Structure formats: C-alpha cells, structure tokens
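Below: one structure, written as structure tokens.
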Amino acid sequence: MRWISAIMAATLVACAPAAPPVGPETANHSYDSSELDKNEGSESFDWQQNFPSWYAAVEPYQIIGTDKSGIFFVGTEGLGMYFIPTDAGHIVIDGGMPGEGQYVAAAIRKLGFDPGDVKILLNSHAHLDHSGGLAELKALTGAKLVANEGDRSALEGGFYLGSEEDSSMNAPPVKVDRTIADGEQLTLGDVTLTAHLTPGHSRGCTSWTMEVEQGGQSYQALFFCSATVAANRLLGPPQYEGIVADYRKTFAKARDWKPDIFLANHPEFSGLAEKRERQKAGEPLAFVDREGFPAMITMLEQAFEAALEKQTLKHNAIMSN
C-alpha cells in the first residue's frame, strides 16, 4: 500500500486540470482555489513543462488477458489510456492531452493492431488531460465517441464546465455520437462494458467495469473516473449546480466496490508503474489488487470532506468581509 500513501501525500490533485503549481509531480500541499485564479485565462500556460509525466512515453503493454485479448495500456507515464481489443473491432478509453491522439494510435500499432479497427472511443470525463486527444484520435480511426450526457456540452464545446472563461483548460471540441446512461451496457464483439455514472469530478464522470479472463479465471476490471476535488469549486458559486450532492452520491455508490483490477486515468492512483515492474519480474497477476480501490475511495471521501470544509470556511470569511 506504499503507493496509496504516496498519492495521498500528493493531495490527490491529479485526475483533473489542476492549478498549475499543483500536480502529481510537484504537489505537497492541499489544493487552494486561489492558485487557480492566478492562472485564469492563461492561453500560454505550458502544460508539458509543468506536468512532464503527462507527456513521457511508455512502451504499451498488456495489463491482463490472453494472447490478443484483454486490457492493454497505451498511455503515458502520467496519463492512463486503455486499449481493449474485440473480435468485432476495438475500444479505447480516454485520449490524453491535446495532440496525443497520434501517440495512442502509434501505441496501438506497436501492440500489433490497426488503429483503423478502433470502433468505439470512451471518455472518463471531460477534462483536457483525458479528452484532449479524442478529436484527433476520432479523425485517425473513424471511431464513434460514447459519453454520458452530463459531459456532452463540455466535450462538444471544448471547455471545462464552470470555468469556461479559462482558455488554458480548453480542449479540442469533439462530437459525442452516443450518450450512455448509468448502468447501461455497451457491447462490441465479445466484450461488454457497463457504465457507472460517478459524478462530482465532472458532471458526467463515468466509470466502467468489464470482465476479463486470464489463466482460465475471470476477473472484474474497474476503470475509475475520479473523485478528487482538484480544481473544482464546491461553492461560491459551485463548479456546477449539485456538485456536492453528486460527489456524495458517488462515494455512497462506490464505497462497497471491490474490483479485482483497479485502473485509473492517472496511473499513480492505482500504483500502475509498481505493478508493471512486478509483472515484468514474472508475476502474471501483478495487477490483481482487491484492496487497492476500497482503500483509495475511502481516502478520496475523506479528502473531499476536508476540501469542502476548507472551501466553506474561506467562502464564509470572504462573505463576512
């Protein structure tokens, strides 16, 4: 569990476009919305300089599965993008930062697949570090984008909901071809994924589960959207109406989840690099971790309540002046 402690020490500010001084590599203090205000509207903000791991190449690899089936990692050191092949075409979850669509396509080729066979693109949530490469990837593959209605306006408008005036958080607009509801299943060939609406981090934040086999055993994999507060305003005014209730719905829903494999859109949240090293050392089920997600969601909930208290105290102090 060392990786969980390390992530919490970094205050769980990844998994969203956060205030530039705060990120998975640099953070050692709690999120302060005033830090974001200093950079509001900064079109020239250099994301690569401030978050180099989001751009650092990683050789693609199979997380779990048999032969050419299962789940593959096609992301960067700091951004989780996932490739799921099926016998009727393929699925990609998330597109990384703007300009990284080509990177994902190249990773798919390295694995021995044709990006032109990708039929479905999924997005965990409409923040530029996960949606930024989708328009390019869609153009390269011809795939259809599936997302929850709550994130549709942000994806198609290319903005961060509630911070539309901050152009540094913009992403290339991308058309949503199909919306998917909580509990709805999406099937392509021999693979079925179930959508789980886990809002708060974004209005349409969607997590996905699927069954995957290896060694004659079946495992449930969870691609968790996020539940960090990061750059979100919880009040005064909130990032979007109902955000606090949405976070609490997500914690209530996910509190008892115990997936066999926990995957996140920032790899450090699920200890992916450490598990990959164990896999390379000969541990075939290195990514099976039934305690990882329950421990993480508990700490995310505690971090949310602390952030809400901090933002409430700050808001009340401002209003009393």
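Take residue 218 and tell me if it is without any contact (Cβ under 8 Å) to a residue 60 or more places away in the chain and either farther than 23 Å from residue 266 by Cα or open to solvent by less than 20 Å² (accessible area, probe 1.4 Å) (or both).
It is true that residue 218 is without any contact (Cβ under 8 Å) to a residue 60 or more places away in the chain and either farther than 23 Å from residue 266 by Cα or open to solvent by less than 20 Å² (accessible area, probe 1.4 Å) (or both).
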(message) Give me the residue from the range 145-164 that is in contact (Cβ under 8 Å) with a residue 40 or more places away in the chain, surrounded by fewer than 23 Cβ atoms within 10 Å (Cβ to Cβ) and not acidic (Asp, Glu) and, out of that set, farthest from residue 234 (Cα to Cα).
(response) 146
(request) Identify all residues within the range 90-101 that are open to solvent by less than 10 Å² (accessible area, probe 1.4 Å) and touching a strand residue (DSSP E or B) at 6+ places or on another chain (Cβ under 9 Å); write none if there are none. (result) 91, 92, 93, 94, 95, 96, 97
(request) Please find, within the range 262-286, the residue that is farthest from residue 96 (Cα to Cα) out of those that are assigned to a loop (DSSP other than H, G, I, E, B) and open to solvent by less than 10 Å² (accessible area, probe 1.4 Å). (result) 286
(message) Anything in the range 173-214 that is crowded, with 21+ Cβ neighbours inside 10 Å and not in a strand (DSSP E or B)? List them, or say none.
(response) 174, 176, 180, 198, 199, 200, 201, 202, 203, 204, 205
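Residue by residue, here is whether (1) over 30 Å from residue 185 (Cα atoms); (2) among the aromatic types (Phe, Trp, Tyr); (3) modelled with pLDDT of 95 or more holds:
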{"residue": "4", "(1), (2), (3)": "yes, no, no"}
{"residue": "11", "(1), (2), (3)": "yes, no, no"}
{"residue": "15", "(1), (2), (3)": "no, no, no"}
{"residue": "34", "(1), (2), (3)": "yes, no, no"}
{"residue": "55", "(1), (2), (3)": "yes, yes, yes"}
{"residue": "76", "(1), (2), (3)": "no, no, yes"}
{"residue": "95", "(1), (2), (3)": "no, no, yes"}
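So, residue 133, is that one open to solvent by less than 20 Å² (accessible area, probe 1.4 Å) and touching an Asp or Glu at 6+ places or on another chain (Cβ under 8 Å) or not?
For residue 133, the condition - open to solvent by less than 20 Å² (accessible area, probe 1.4 Å) and touching an Asp or Glu at 6+ places or on another chain (Cβ under 8 Å) - is met.
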(request) Show the residue pairs that are 6+ apart or on different chains and have beta-carbon atoms under 6 Å apart, the first residue being within the range 269-295 and under 19 Å from residue 228 (Cα atoms), the second being open to solvent by less than 70 Å² (accessible area, probe 1.4 Å) and among the β-branched types (Val, Ile, Thr). (result) 269/7; 295/4
(request) Considering only residues that are in contact (Cβ under 8 Å) with a residue 24 or more places away in the chain and open to solvent by 30 Å² or more (accessible area, probe 1.4 Å), look in the range 296-305 and name the one that is farthest from residue 217 (Cα to Cα). (result) 303
(message) Condition (residue is more than 19 Å from residue 248 (Cα to Cα) and free of Cβ contacts under 8 Å to residues at least 12 places away in the same chain) applied to the range 193-214: is it met by at least one residue?
(response) no
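The values are calculated or read from the model by the stated rules, or taken from the named source; none is laboratory data. The shown structure was predicted, so the numbers you read here are calculated from the model rather than taken from an experiment. Please note: Cβ atoms are built from the backbone with ideal geometry, for glycine as well, and neighbour counts cover all protein chains shown. Side chains are part of the model used for accessible areas, which takes the heavy atoms of the whole protein and leaves out ligands, DNA and RNA. Shrake-Rupley method; radii C 1.70, N 1.55, O 1.52, S 1.80 Å.
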